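Trainee: Below are the structure tokens for one structure; questions will follow.
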Amino acid sequence: MTIKEIQEEIIDEFSMFDDWMERYEYIIDLGKSLPMIKDTFKLDENLIKGCQSKVWLYSELDNNTILFTADSDAILTKGIVALLLRVYSNQTPAAILEAKTDFIDEIGLKEHLSPTRANGLVSMIKQIKMYAIAQQSKLTT
């Protein structure tokens with residue numbers, strides 16, 4: 001699936017919920033299904049700067065696509081990063097760099113987060129894009 005198709009699928013899923021408590025529960029459930037990052041990748045260099053809680057994000061290139069793994073010490077944050085990895089993992093660096101993040105506004109996520117969590121969300125997306133730039137450079141060298 002393309003990034004846009006995955007984003008549209010997420011928008012559809014979120015539209016099924018009547019209120020934000022149900023959406024928060026869904027996000028927390030997504031976090032429970034997050035593929036665990038290996039302990040060897042839980043390094044300071046993989047911590048996302050700007051997050052209220054600890055979030056580790058690791059990427060590796062596999063057949064021209066980026067595979068992300070992540071973890072967090074907070075259940076809601078873990079769900080948010082799981083949502084982002086669903087969109088961006090198994091995509092090419094170019095597709096990640098070209099992708100818009102409108103789906104976050106369309107599901108109302110940023111406006112329903114505390115300011116520090118919203119900053120963390122922006123930091124997670126920024127780090128995903130930075131990994132895409134780094135992995136893209138490996139493909140062109």
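Trainee: Being open to solvent by 10 Å² or more (accessible area, probe 1.4 Å), within 22 Å of residue 116 (Cα to Cα) and of a type in the set (A, V, I, L, M) is the filter here; which residues of segment 62-99 pass it?
Mentor: 74, 75, 76, 82, 85 - these are the residues of segment 62-99 that are open to solvent by 10 Å² or more (accessible area, probe 1.4 Å), within 22 Å of residue 116 (Cα to Cα) and of a type in the set (A, V, I, L, M).
Trainee: I've got another one for you. Before we move on, is residue 59 under 19 Å from residue 86 (Cβ atoms), exposed (fewer than 15 other Cβ atoms within 10 Å of the Cβ) and among the polar types (S, T, N, Q)?
Mentor: No; evaluated as a whole, the condition is false for this residue.
Trainee: Within segment 61-78, track down each residue that is in contact (Cβ under 8 Å) with a residue 12 or more places away in the chain and in a strand (DSSP E or B).
Mentor: Across segment 61-78, the qualifying residues are 61, 65, 66, 67, 68, 69, 70, 71, 72.
Trainee: Could you grab me the full set of residues in segment 100-118 that are open to solvent by 20 Å² or more (accessible area, probe 1.4 Å) and of a type in the set (Gly, Ala, Ser)?
Mentor: Selection gives 114 alone.
Trainee: Scan segment 74-111 for residues that are among the aliphatic types (A, V, I, L, M), under 12 Å from residue 2 (Cα atoms) and within 8 Å of the chain's Cα centre (by Cα) and jot them down.
Mentor: Selection gives 87 alone.
Trainee: Count, please, the residues in segment 119-138 that happen to be touching a strand residue (DSSP E or B) at 6+ places or on another chain (Cβ under 9 Å), open to solvent by 40 Å² or more (accessible area, probe 1.4 Å) and within 10 Å of residue 48 (Cα to Cα).
Mentor: So the count comes out to 1.
Trainee: How many residues, within segment 117-141, are closer than 15 Å to residue 83 by Cβ, β-branched (Val, Ile, Thr) and modelled with pLDDT under 90?
Mentor: Looking only at that region, the number is 0.
Trainee: A follow-up question, please. Among the residues of segment 31-45, is any open to solvent by 10 Å² or more (accessible area, probe 1.4 Å), in a strand (DSSP E or B) and at pLDDT below 95?
Mentor: yes
The values are calculated or read from the model by the stated rules, or taken from the named source; none is laboratory data. Remember, it's a predicted structure, so these values are computed and weren't measured experimentally. Cβ: placed from backbone, ideal geometry, glycine included. Neighbour counts: every protein chain shown. Surface accessibility is based on the protein's heavy atoms, side chains included, excluding ligands, DNA and RNA. Shrake-Rupley method; radii C 1.70, N 1.55, O 1.52, S 1.80 Å.
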